[in-house]
1. With 31 Å as the limit, write out which pairs from Lys76/Lys132; Lys61/Lys129; Lys61/Lys132; Lys56/Lys132; Lys24/Lys98 have Cα-Cα distances beyond it, or answer none.
2. Determine ³J(HN,Hα), in whole Hz, for all residues of the range 93-98 in sequence, where each value follows from phi through the Karplus function 6.51 cos²θ - 1.76 cosθ + 1.60 and θ = phi - 60°; x replaces Gly and Pro.
3. With Cβ to Cβ distances under 13 Å as the rule, what net charge do the other residues near Ile140 carry (K, R +1; D, E -1)?
4. Using modelled amide H (1.01 Å from N, peptide plane; none on Pro or chain starts), what sits under 5 Å from the amide H of Lys147, excluding residues fewer than 5 places away?
5. Please give me the summed charge of the neighbours of Thr34: other residues whose Cβ is under 13 Å from its Cβ, Lys and Arg +1, Asp and Glu -1.
6. In straight Cα distance, which lysines are under 16 Å from Lys36, not counting same-chain residues fewer than 8 positions off?
7. Quick one: which residues, 5+ away or cross-chain, put their amide H under 5 Å from the amide H of Glu110? H built at 1.01 Å from N.
8. Using a basic spin-label model with each label point 7 Å from the Cα along Cα→Cβ, how many nm lie between Tyr64 and Ile39?
Amino acid sequence: MKTRLLLLLVAAATLCGCDHSYYKFAYYTFINGTDKTIIVTLYDQTYYSDEWGPGKNPNAKPVYNFTITPGGEFTKILTPPPTGGFGTNIADPFDDLKFEGLSISNGEWEVGDMVGAYLYHAENYDITKETKDVVYLQYIFTEEFFKRGYPILTE
């Protein structure tokens with residue numbers, strides 16, 4: 001009787017979608033659609049010292065960054081999330097990093113936490129290709145993206 005119950009439970013678990021292949025590798029490609037170099041930096045705490053203004057938090061330390069030349073691209077590859085992930089079968093673009101804030105700059109404009117938070121979640125990216133094991137996503141930076149931020153003040 002115990003053997004039959006155990007076999008029944010194993011069969012039920014298999015039929016309920018416990019297949020690890022459901023979780024996919026994610027290739028996030030960030031494309032620079034502008035004529036300026038873009039620098040994306042993730043910080044250990046909120047980037048702005050005041051959520052209503054462009055003042056930088058002097059205590060924020062960079063934990064990860066990448067640069068994209070004009071017309072260039074940067075691809076970040078994430079392994080599948082651990083089984084039992086909530087709500088999605090792919091990791092969000094920066095799930096592998098411990099960070100609290102970000103800034104995105106093109107030398108003229110700077111976008112911080114509030115507008116840049118758009119980049120935190122996979123659902124905000126365009127899917128360019130998807131297979132059983134891999135999904136390719138992209139985000140294209142435009143001049144309009146930067147104009148939602150703050151102009152960089154020169155002294």
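1. Lys61/Lys129; Lys61/Lys132; Lys56/Lys132
2. With coefficients 6.51, -1.76 and 1.60, one gets x, 10, 4, 7, 10, 9 Hz.
3. -4
4. Hits under the 5 Å cutoff: none.
5. -3
6. Answer for Lys36, where 16 Å is the Cα cut-off: Lys147, listed by chain and number.
7. Under 5 Å from the amide H of Glu110: Tyr150, Ile152.
8. My value for the distance between the label points is 1.9 nm.
Read-outs throughout are calculated quantities, based only on the coordinates presented, and are distinct from any laboratory measurement. In this text, all values refer to a predicted model and were calculated from it rather than measured experimentally. All Cβ positions, glycine included, derive from the backbone under ideal geometry; neighbour counts span all protein chains shown.
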